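Trainee: Dumping the structure here so I can ask a few things about it.
The values are calculated or read from the model by the stated rules, or taken from the named source; none is laboratory data. As the structure is a computational prediction, the values presented were derived from the model and not from experiment. Please note: Cβ atoms are built from the backbone with ideal geometry, for glycine as well, and neighbour counts cover all protein chains shown. In case anyone asks, the SASA skips ligands and DNA or RNA and just uses the protein heavy atoms, side chains included. Shrake-Rupley method; radii C 1.70, N 1.55, O 1.52, S 1.80 Å.
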Amino acid sequence: MAESRLTTPSYLVLGIVEKLGEASPYDVKVEAARTVAPFWSMPHAQVYAQCDRLVAAGLLSESRQTGGRNRRLMTLTEAGRTALASWLADPEFVPVEARERGILKLWFGARPEVLSPVQLDEHHRTLADYEQLAEGVGALLTPGQREALEFGIRYERMMVDFWQWVAGRAHEGDRGEAPDRESESGDDAPGRGGDRGRTTEH
């Protein structure tokens, strides 16, 4: 078996193949987009690369579908099942990597009155979708799937609350402004100009 360092995307592929029983790389890509994408997205090219790595590492076995499109069909090997089970049993904490583009824009000075309406609309829409999903098929989900869906619901509620707070601060003029660099260099700035606070260098 080839040496291969497994990453979270590796286990994502193993988990989906285990769930489906048998899958092509395309099946894995579709299932990932349909299920786990809201909390763990993976580029399509990475799905195919991971499938190749896991086959080479002996964690997936591969066969060719006879007839039709001659698809590659993968199943977990015993080594793959062992690796997936070990990962699922590992309680290691890994810090969350937040990638909220709207927050990044706020950091660099974007106007909240421009950002907030769109952000609120989208988070309200996603929240409604998740709540409708929970009401419609929640009883059919596994406990882990229902908990993951609950994470999405609670996250979207938090984001709605956050952007309402940002919008309220902008409306009330409570955000403050960055210091005026030109005024800091004027005569009234502490330690600059006038006699008070002046230092003389030779």
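Trainee: For segment 19-113, what does the equivalent ellipsoid look like in terms of its semi-axes, each the square root of 5 times an eigenvalue of the Cα gyration tensor, given largest first in whole Å?
Mentor: So the equivalent ellipsoid measures 35, 19, 10 Å along its semi-axes.
Trainee: Still on this structure, I have one more. Using the Karplus curve 6.51 cos²θ - 1.76 cosθ + 1.60 with θ = phi - 60°, what ³J(HN,Hα) values do you get for each residue of segment 129-145, in whole Hz, with x for Gly and Pro?
Mentor: Running phi through 6.51 cos²θ - 1.76 cosθ + 1.60 with θ = phi - 60° gives 4, 5, 5, 5, 5, 4, 6, x, 10, x, 6, 8, 7, 5, x, x, 5 Hz.
Trainee: Related question: Between ARG69 and VAL114, what length in nm is gained on full extension when 0.36 nm per residue of separation is reduced by their alpha carbon distance?
Mentor: Value of the extension gain: 11.3 nm.
Trainee: Provide the per residue accessible area, probe 1.4 Å, for segment 52-144, rounded to a whole number of square angstrom.
Mentor: Value for segment 52-144: 73 Å² per residue.
Trainee: Can you give the FRET efficiency for ALA45 and GLN164, using 1/(1 + (r/R0)^6), R0 = 45 Å, r = Cβ-Cβ distance, to the nearest 0.05?
Mentor: 0.75
Trainee: Using θ = phi - 60° and the Karplus relation 6.51 cos²θ - 1.76 cosθ + 1.60, list the HN-Hα couplings for segment 86-91 in order, rounded to whole Hz, with x at every Gly or Pro.
Mentor: 5, 5, 5, 8, 8, x
Trainee: To check my understanding: the extent here is largest minus smallest coordinate of the Cα atoms along each principal axis. What are those three numbers for segment 46-165, in Å, largest first?
Mentor: 57, 39, 38
Trainee: Within segment 26-131, what whole-number % of the accessible surface is contributed by carbon and sulfur, with the 1.4 Å probe and all protein chains included in the calculation?
Mentor: In segment 26-131, the share of accessible area belonging to carbon and sulfur is 58 percent.
Trainee: Which ³J(HN,Hα) values in Hz, rounded to whole numbers, follow from the phi angles of segment 50-57 under the Karplus curve 6.51 cos²θ - 1.76 cosθ + 1.60, where θ = phi - 60° and Gly and Pro get x?
Mentor: The phi angles translate into 5, 4, 4, 5, 6, 5, 4, 7 Hz.
Trainee: Here's a follow-up. Once amide H atoms are built 1.01 Å from N in the peptide plane, which residues 5 or more positions from THR77, or in another chain, come under 5 Å H to H?
Mentor: Amide H to amide H, under 5 Å and 5 or more residues apart or across chains, THR77 pairs with LEU60, SER61.
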